[in-house]
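Working notes, structure below.
The values are calculated or read from the model by the stated rules, or taken from the named source; none is laboratory data. These numbers were taken from a predicted model, which means no experiment stands behind them. For neighbour counting, all protein chains shown are included, and Cβ atoms are generated from backbone atoms with ideal geometry for every residue, glycine included.
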Amino acid sequence: MIEYLRIRDLGVIAEATAELHPGLIVVTGETGAGKTMVMTALDLLFGGKPNPALIRVGAERAEVEAGIRMAEPLPALAALDPDLDGETLIVGRSVGSSRSRAWLAGRGVPASVLVDLGDDLVVRHGQNDQRRLANAGYRRRLLDRFAGEPALALLRVHQEAFDEVKSISDELLRIQQQDRETVLRADLLRHGVAEIESVAPHVGEAESLRNELRRLSNIEEVRAAVASAYEAIRGDDDYSAESAAGSAQHAVAQAAAHDSGLEPIAETLAEAQALIADAASGLASYLSDLEADPRRLDALQQRLGELRGLLRKYGDSIADVLAWSVDAQSELLALDTSADRIASLQERQRVANAQLSLLAAKLTAARKSAAAELGGAVTAELAALALPDAAIAVTVTQPEDPAGLQLADGRCVVVRRDGADDVDLEFIAHAGAPARPIGEGASGGELSRVMLALEVSLAGANPVPVFVFDEVDAGIGGRAAVEVGKRLAALARTAQVIVVTHLPQVAAFADQHIVVRKQPAGMVTASSVVTLSTDEQQRELARMLAGLDESTSAMAHAGELIDLASCERVRLDERTGA
């Protein structure tokens, strides 16, 4: 429960601290006195959106703080600090013009921690919260909350199964995309290897071809030069190089007969004559083979073009091209087209989908069972809230989709993380009236009572420590208002209930009555927060009844309401054994 609430510089409240008791806490006050600031303070404490416009005029920041006594560990605190269990927890929030700050147990925390704490601790209903019934997710959460821990545990398992299916599907999609890229890469490599093999280049070939191409391109010049060289070596026998070398060798050989020192020179000249003769023979052979061949020239140019094409794609040299081919063939061997992995993932996906389908069906069955019970419980509460002929029908349906998940009954439905179910609340105003969506078929006063009936029904199935209602009695009065007071008093037997109300019939049932009063404070209006005694409560009820807290008849009527509420509380305490 919340033990105290402190407010500073929030709206019209400059400074106020209220000690809060167990049971039903009623907050009243004149219009504009600042009752709503109490609700705003509680909203901020549990992660509500900060609004700098709420800061009191002339102040730099607004602050709210509360002390919370925990009867049992709260999930939101377990990860933060296990040692917090069993203590009075101090929660705070400040709102400045540019930033807000939250703290918990003396340390700064993100506002999201306060949101989680609020989810564990408080159920809040504001003046416009009936609109939340139009939200499909909110209706589904209400039903799950009523269904209790078995259904919530099943939902958690379902969510884990859904996450598993999504993880497998994402991985399968990634692998399939990767497989397409692998196929494209393999095609590229195979094409390259085939192209290189078809050309079949070898190292040094390009240079050899270029030399031959240069020769064939300049064949007449080559022919003339070679012929001139041959003529110089072996032309006119009297003046050829071969003849001159032979004459020189013969003369030196004769002289060597008289001087052995000339023998080496004679041998050298003999070798020179032989070499010249070989050169002449080679030139003659070259000239005999040398002829212009246009087809060979074309073939050389085509071959060099093929080699240049390889060099453009695969390397700077033929050695690089051949190395690329070797590497490509190795990569092709190593490439995994992921066929086995895809097959494995598809099998896992099939099994996971089957499991998810089974869990979704079980969750639907649990929700349908709970829906019938919740509809009956809310209808019974509406009868107690002066709507004896009204009824609530809670329906659970599954939207079908051919592309959805197939259930055991053969239907294909859309399965989300929170199940396959759409939950609808339909209001039947009286016997014979058509069932209509709750937001369309109920008036404002009826909606307020439906919300209260829902919370009373939910409180029995899934208790929450604190309930906060901001004018849940809007749009009703008379006997219905008394019945609302009774139901709030009944709810307060098992939880702390904080209610802002303008109805004396509701306020009379308070275990603690707090009034917000305007006070003069110079140029700026200020309000105080005061806990009333029994006598003061009667005068406040008289004011609410007649606008006059000293009216004899109003005081008498207020006394009657207090007596009625007192008897009702006794009856409730006897029924609950309190």
Worksheet item: Would it be correct to say that Asp9 is closer than 30 Å to Arg543 by Cα, at pLDDT 85 or above, not in a strand (DSSP E or B) and not small (Gly, Ala, Ser)?
Response: no
Worksheet entry | Residue count, the stretch 407-424 (criterion: small (Gly, Ala, Ser) and not in a loop (DSSP other than H, G, I, E, B)) | 1
Item to complete: Could you list all residues from the stretch 151-168 that are among the polar types (S, T, N, Q) and without any contact (Cβ under 8 Å) to a residue 12 or more places away in the chain?
Response: Ser167
Worksheet item: Scanning for something among the hydroxyl-bearing types (Ser, Thr, Tyr) and exposed (fewer than 12 other Cβ atoms within 10 Å of the Cβ), does the stretch 262-279 turn up at least one residue?
Response: no
Worksheet item: Which residue pairs have Cβ atoms closer than 6 Å, lie 6 or more positions apart in sequence or on different chains, and pair a first residue in the stretch 265-286 that is free of Cβ contacts under 8 Å to residues at least 24 places away in the same chain with a second residue that is of a type in the set (A, V, I, L, M, F, W, C)?
Response: Ile265/Val252; Ala266/Val252; Ala266/Ala253; Ala266/Ala256
Worksheet entry | Which numbered condition Glu347 misses (of (1) in contact (Cβ under 8 Å) with a residue 24 or more places away in the chain; (2) surrounded by fewer than 17 Cβ atoms within 10 Å (Cβ to Cβ)) | (1)
Item to complete: Determine whether the stretch 475-484 contains at least one residue that is farther than 30 Å from Ala558 by Cα, basic (Lys, Arg) and surrounded by fewer than 23 Cβ atoms within 10 Å (Cβ to Cβ).
Response: no
Discussion item. Could you go through the stretch 19-27 and let me know if any residue there is over 24 Å from Val113 (Cβ atoms) and among the small types (Gly, Ala, Ser).
Written reply: yes
Worksheet item: Could you say whether any residue in the stretch 296-307 is in contact with a Leu (Cβ under 7 Å, 6 or more places away or on another chain), basic (Lys, Arg) and within 23 Å of Asp422 (Cα to Cα)?
Response: no
Worksheet item: Only one of (1) in a helix (DSSP H, G or I); (2) without any contact (Cβ under 8 Å) to a residue 24 or more places away in the chain is not met by Ala370, so which one is it?
Response: (2)
Worksheet item: Hey, among the residues in the stretch 124-138 that are buried (at least 20 other Cβ atoms within 10 Å of the Cβ) and either β-branched (Val, Ile, Thr) or assigned to a helix (DSSP H, G or I) (or both), which one's modelled with the highest pLDDT?
Response: Leu133
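Residue-wise test of (1) buried (at least 23 other Cβ atoms within 10 Å of the Cβ); (2) in a strand (DSSP E or B); (3) touching a Lys or Arg at 6+ places or on another chain (Cβ under 8 Å).
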residue: Phe427; (1), (2), (3): yes, yes, yes
residue: Pro434; (1), (2), (3): no, no, no
residue: Glu446; (1), (2), (3): no, no, no
residue: Arg449; (1), (2), (3): yes, no, no
residue: Leu452; (1), (2), (3): yes, no, yes
residue: Ala459; (1), (2), (3): no, no, no
Discussion item. Kindly evaluate Leu287 against the criterion of being within 30 Å of Glu207 (Cα to Cα), surrounded by 14 or more Cβ atoms within 10 Å (Cβ to Cβ) and at pLDDT below 80.
Written reply: yes
Worksheet entry | Residues of the stretch 476-495 satisfying the condition of being small (Gly, Ala, Ser), under 42 Å from the mean Cα position of the chain (by Cα) and not in a loop (DSSP other than H, G, I, E, B) | Ala490
Worksheet entry | Only listed residue being outside any strand (DSSP E or B) and either outside the structural domain of Ser527 (by TED's automatic domain parsing) or more than 20 Å from Ala102 (Cα to Cα) (or both), chosen from Thr28, Thr36, Thr40 | Thr36
Worksheet item: If we keep just the residues of the stretch 179-198 that are within 22 Å of Gln349 (Cβ to Cβ) and surrounded by 15 or more Cβ atoms within 10 Å (Cβ to Cβ), which is nearest to the chain's Cα centre (by Cα)?
Response: Asp179
Worksheet item: Quick one: how many residues across the stretch 44-53 are touching a strand residue (DSSP E or B) at 6+ places or on another chain (Cβ under 8 Å) and surrounded by fewer than 16 Cβ atoms within 10 Å (Cβ to Cβ)?
Response: 2
Worksheet entry | Whichever residue in the stretch 496-516 is within 44 Å of the chain's Cα centre (by Cα) and polar (S, T, N, Q) and, among such residues, is modelled with the lowest pLDDT | Thr501
